[in-house]
1. Listed residues 302, 289; which is more than 30 Å from residue 155 (Cα to Cα) and at pLDDT below 90?
2. Among (1) more than 26 Å from residue 373 (Cα to Cα); (2) touching a helix residue (DSSP H, G or I) at 6+ places or on another chain (Cβ under 7 Å), which single condition is residue 341 missing?
3. From the residues in segment 321-362 that are within 40 Å of the chain's Cα centre (by Cα) and in a strand (DSSP E or B), which one is farthest from residue 311 (Cα to Cα)?
4. Looking only at segment 208-243, count every residue that is closer than 21 Å to residue 178 by Cβ, touching a helix residue (DSSP H, G or I) at 6+ places or on another chain (Cβ under 6 Å), modelled with pLDDT under 85 and outside any loop (DSSP other than H, G, I, E, B) and tell me the total.
5. Conditions first: (1) assigned to a loop (DSSP other than H, G, I, E, B); (2) under 20 Å from residue 367 (Cβ atoms); (3) within 21 Å of the chain's Cα centre (by Cα). Residue 205 passes all but one, so which condition is the exception?
6. Is it true that some residue in segment 45-54 is surrounded by 13 or more Cβ atoms within 10 Å (Cβ to Cβ), closer than 27 Å to residue 280 by Cβ, at pLDDT below 75 and not assigned by TED's automatic domain parsing to the domain that holds residue 283?
7. Residues in segment 141-157: is at least one surrounded by 22 or more Cβ atoms within 10 Å (Cβ to Cβ) and part of a helix (DSSP H, G or I)?
8. Counting only residues that are in contact with a helix residue (DSSP H, G or I) (Cβ under 8 Å, 6 or more places away or on another chain), in a loop (DSSP other than H, G, I, E, B) and in contact (Cβ under 8 Å) with a residue 40 or more places away in the chain, how many does segment 260-282 have?
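The values are calculated or read from the model by the stated rules, or taken from the named source; none is laboratory data. Just so it is clear, the model here is predicted, and its values are computed rather than measured. Here the Cβ positions follow ideal geometry from the backbone for every residue, glycine too, while neighbour counts run over all protein chains shown.
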């Protein structure tokens with residue numbers, strides 16, 4: 001008959017039985033049972049307390065005085081349910097702002113809670129090789145662009161977005177049926193009437209504010225210049241120039257557009273845009289603003305939208321020419337193209353060198369002409 005194998009439990013009970021005898025040599029027994037003296041005396045103490053179970057115990061402490069209270073953890077999870085795209089930092093700021101609980105956990109603790117409950121999205125880090133810039137004050141620069149269009153049951157929606165560079169405050173979020181200059185002008189007029197005029201606006205080179213043809217400006221961008229706004233265009237094929245608006249588009253898609261499988265019409269879309277826009281501007285902590293909300297750093301411009309455009313006037317040292325219908329002006333006996341966007345409008349010219357001229361429309365330089373180099377002229 002084979003010998004019965006000993007289990008760790010039986011060996012420990014046997015050790016305790018022998019080590020408990022009067023005059024037992026505990027050190028020798030520990031050596032024979034291949035355990036340390038510390039372990040041997042630990043088992044003896046447990047036996048003296050009446051315990052008969054010598055299983056290994058978890059090193060986890062019996063109490064966790066620093067553990068997040070269950071009610072606080074429940075609030076964290078509820079906040080995440082309501083704001084499914086908020087991470088630990090934003091949820092912590094929301095709990096502090098709303099004062100719904102005392103002793104708000106650290107952002108890292110909230111992240112652990114989310115991860116433990118399977119509510120943390122995989123982290124994605126985007127490598128950036130450009131430098132950030134930021135205007136010093138509100139309304140110094142507005143970024144404007146169309147987000148990529150998406151279908152509705154009644155056609156396509158083209159979201160128009162305008163963002164204040166300094167505060168990230170969303171000036172305009174419009175569900176447009178097209179990308180025509182007249183459509184943008186209508187929405188911007190409403191925005192200008194409410195928030196005033198910015199000093200400068202940044203946009204890409206696409207329609208309706210840019211032209212990939214012979215000239216940079218369009219009728220739409222000429223209208224902005226006429227209002228006293230300096231128009232800037234980003235470098236072609238370089239969307240990072242409008243990085244803040246591009247990042248806004250990504251958030252808009254994630255938190256609004258992609259959350260509904262079907263959008264029925266523009267009115268429904270605009271209602272969703274309006275609701276989320278208020279949350280974005282006044283409630284949603286922004287990482288780039290040290291978790292402040294955009295509205296805390298924005299104030300309307302003191303430059304009011306004019307009811308009637310003032311006449312165009314130039315300094316006496318500038319030569320004034322009227323742009324012809326084909327976009328050209330006559331200078332030194334030849335016709336030079338400056339852009340159809342300014343047809344019928346007066347432009348100012350200043351000679352800055354021998355045969356070199358700067359062309360201005362209102363306050364903004366729109367062209368730099370070198371009459372010394374051959375260029376195609378346009379006969380009238």
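1. None of the other options fit; the residue is 289.
2. Failing condition for residue 341: (1).
3. Out of the qualifying residues, it is 358.
4. Matching residues across segment 208-243 total 0.
5. (3)
6. Scanning segment 45-54, I find no residue that is surrounded by 13 or more Cβ atoms within 10 Å (Cβ to Cβ), closer than 27 Å to residue 280 by Cβ, at pLDDT below 75 and not assigned by TED's automatic domain parsing to the domain that holds residue 283, so the answer is no.
7. No, because not a single residue in segment 141-157 is surrounded by 22 or more Cβ atoms within 10 Å (Cβ to Cβ) and part of a helix (DSSP H, G or I).
8. So the answer is 1.
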